[in-house]
Every structure is written in structure tokens, then in C-alpha cells.
């Protein structure tokens, strides 16, 4: 089995996925189409435990400059701290 096939088999977990629908459509039709398409998906029987890292908030601003002579473009990334405050199934609550 290839590494991709192994990841797909053990790493694909429908309970951790989200579907976004954008556009001028009928909500009930969209919900039915999503349910019809994804209802048969099941989590793997030997699913791995999700591990969370407790990261302490930063107390001072930090910056890093990384250069790569082979880079084809310039990029700027601004990251804000993320905390595990929302429930794991946050998006499911929005389906009401």
C-alpha cells in the first residue's frame, strides 16, 4: 500500500470534515444533496486518538525572517494564537 493509501484509509475521518455551500441555492435542497452524498461515510474502525498540544500564549511579540534563494515569490504570514476553546463539533451545531 502506498503512503497516500495508508493515510486515506486511517486518516480520513468524516467527523472531522466540513462542507461549505456558497451561492443562491435552496437550503433544503443543498442539505439533501450533502446528506445523500456523504451519509455513507464512516470513520475507520481503528481511528487514531487526536492529540492536542497545550501551547502557552506568547507574552511578547516575536518575528522571524527566513530567506530562500530558490524561492519564486515573497510571502508574508501573520499568525495569531489559536486556543482550543470551541467544541470539536462546532460546525455541526451550525446546521440547525
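Read-outs: derived from the displayed coordinates by stated rules, not from any lab. Small disclaimer: the values here were computed from a predicted structure and weren't measured. Here the Cβ positions follow ideal geometry from the backbone for every residue, glycine too, while neighbour counts run over all protein chains shown.
From the set of residues in region 11-30 that are assigned to a helix (DSSP H, G or I) and under 16 Å from the mean Cα position of the chain (by Cα), which is farthest from residue 51 (Cα to Cα)? Steps first, please.
Restricting attention to region 11-30, the residues satisfying the condition of being assigned to a helix (DSSP H, G or I) are 11, 14-16, 27-30.
Subset that is under 16 Å from the mean Cα position of the chain (by Cα): 11, 14-16.
On the way: 11: 13, 14: 17, 15: 15, 16: 13 Å.
Among them, the one singled out is 14.
Could you please tell me which pairs satisfy a Cβ distance under 8 Å, a separation of 6+ or placement on different chains, a first residue in region 1-18 that is touching a residue at least 40 places away in the same chain (Cβ under 8 Å) and on the phi < 0 side of the Ramachandran plot, and a second residue that is surrounded by 11 or more Cβ atoms within 10 Å (Cβ to Cβ) and in a helix (DSSP H, G or I)?
Filtered contacts from region 1-18: 18/91.
Among the numbered criteria (1) over 30 Å from residue 6 (Cα atoms); (2) not in a loop (DSSP other than H, G, I, E, B), which single criterion is violated by residue 33?
(1)
Among the numbered conditions (1) touching a residue at least 12 places away in the same chain (Cβ under 8 Å); (2) within 27 Å of residue 79 (Cβ to Cβ); (3) part of a loop (DSSP other than H, G, I, E, B), tell me where residue 44 comes up short.
Failing condition for residue 44: (2).
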